[in-house]
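Q: I'd like to ask you about the structure that follows.
The values are calculated or read from the model by the stated rules, or taken from the named source; none is laboratory data. Keep in mind the model is a prediction, meaning the values are calculated, not measured. Ideal geometry is used to build each Cβ from the backbone, glycine not excepted, and the neighbour counts take in all protein chains shown. Accessible surface is based on the protein model in full, side chains and every heavy atom, while ligands, DNA and RNA are left aside. Shrake-Rupley method; radii C 1.70, N 1.55, O 1.52, S 1.80 Å.
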Amino acid sequence: MTAFNIKQSIKDEIDRKASKAERDSAKPTPGSVRAVLDDLLNQILKVDFHKKANIEEDKKIPRKIYVVLVIDVLLGTSGKNNWGLATRNGFIYVYNGKYWQPMDAEDFKP
């Protein structure tokens, strides 16, 4: 079984859920949430979820385990690069180098 491509899945979701203002511009501006998230995605390597979860290749990984592993990978990668990600009151906050900018947590659930 091939490893799930977390990087492509997250990139696809970010592309679908980008804010209207950022979708209207040709490129994300340096320091924008979109630029921070794009940089984060560029740092994420292919993840073998079966190995990371210590589950045999022929067994199905429950969705809840995938969610925990994805969060672990995102927080680990953002922490290594000193990029801020946090949650509070149902929002995900991304530190863009100047201030914390909120994003709706519902945008990340799928």
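Q: Looking only at region 86-103, count how many residues are touching a helix residue (DSSP H, G or I) at 6+ places or on another chain (Cβ under 8 Å), open to solvent by 40 Å² or more (accessible area, probe 1.4 Å) and in contact (Cβ under 8 Å) with a residue 40 or more places away in the chain.
A: First pass over region 86-103, keeping only residues touching a helix residue (DSSP H, G or I) at 6+ places or on another chain (Cβ under 8 Å): 87, 90-92, 94-97, 101, 103.
Filter once more, keeping what is open to solvent by 40 Å² or more (accessible area, probe 1.4 Å): 87, 90-91, 95, 97, 101.
Then drop every residue that is not in contact (Cβ under 8 Å) with a residue 40 or more places away in the chain, which leaves 95, 97, 101.
So the answer is 3.
Q: Looking only at region 29-42, decide whether some residue is assigned to a helix (DSSP H, G or I), at pLDDT 80 or above and open to solvent by 70 Å² or more (accessible area, probe 1.4 Å).
A: Checking region 29-42: at least one residue is assigned to a helix (DSSP H, G or I), at pLDDT 80 or above and open to solvent by 70 Å² or more (accessible area, probe 1.4 Å).
Q: So which of K109, K51 ends up being outside any strand (DSSP E or B) and at pLDDT 85 or above? Quick ask: steps written out before the conclusion?
A: Values: K109 fails: at pLDDT 85 or above.
Sole residue among the options that is outside any strand (DSSP E or B) and at pLDDT 85 or above: K51.
Q: In region 58-82, what count of residues is obtained for those that are open to solvent by 60 Å² or more (accessible area, probe 1.4 Å), under 18 Å from E13 (Cα atoms) and not basic (K, R)?
A: 6
Q: Residue check: is I92 among the hydrophobic types (A, V, I, L, M, F, W, C), out of contact with any strand residue (DSSP E or B) (no Cβ under 9 Å at 6 or more places or on another chain) and at pLDDT 75 or above?
A: Values: among the hydrophobic types (A, V, I, L, M, F, W, C): yes; out of contact with any strand residue (DSSP E or B) (no Cβ under 9 Å at 6 or more places or on another chain): no; at pLDDT 75 or above: yes.
Criteria not met by I92.
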